[in-house]
């Protein structure tokens, strides 16, 4: 395999492996909803599981779970194809690495949603749950009285619990949005040939 293909897929493979190692450790060493604090009350591992997408978003019911898992499989295939296309056509290396991160994150979560039910729940294929654990409630409080709609209600930032796969997807997407002008800039036109200059004259 050429180096241009090796590096992004190697990065993706490493992220997938680390993601699965962390999830396996959490499953085998922590009780559900238990916590291990490493930044006091502002950063911890909290063992949770979700049936849906990143950060706990989900589609209700078993049918929704199956649809979501099948969608993930199709999406991972499309992202993988897109990654190969970008490498083959020599797109910006930064863009290629961002897509590799998104591919790794999607693959990491699809492993859970596809096989977790068989391995840990004695359930069916495609009906597994995604394990989440990173929780960073950096700011807690209540909305002030003057705040519209939610005044007086409790708020917390950052509330979602996520995993390494979610983080890889988020970093990849955010980096593409931030650097899209650099990643998708148009190629500079080639210099005019002597023959074309003679025709114009």
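Please report, ordered by residue number, the strands (runs of 3 or more DSSP E) entirely within region 105-189 with at least 2 residues that are out of contact with any helix residue (DSSP H, G or I) (no Cβ under 7 Å at 6 or more places or on another chain) and modelled with pLDDT under 90.
Values: elements: 130-135, 139-142, 154-157.
Answer list for region 105-189: 139-142, 154-157.
Assess whether residue 79 counts as being at pLDDT 90 or above and not in a helix (DSSP H, G or I). Walk me through how you get there before you give the answer.
Details: at pLDDT 90 or above: yes; not in a helix (DSSP H, G or I): no.
Criteria not met by residue 79.
Per the listing 11, 84, 99, the residue uniquely surrounded by 19 or more Cβ atoms within 10 Å (Cβ to Cβ), at pLDDT 90 or above and assigned to a helix (DSSP H, G or I) is 99.
For region 22-37, residues that are farther than 15 Å from residue 132 by Cβ and either in contact (Cβ under 8 Å) with a residue 24 or more places away in the chain or surrounded by 10 or more Cβ atoms within 10 Å (Cβ to Cβ) (or both) total 2.
The values are calculated or read from the model by the stated rules, or taken from the named source; none is laboratory data. Everything numeric in this text was worked out from a predicted model, so none of it was measured. Glycine gets a Cβ as well: all are built from the backbone with ideal geometry, and neighbour counts include every protein chain shown.
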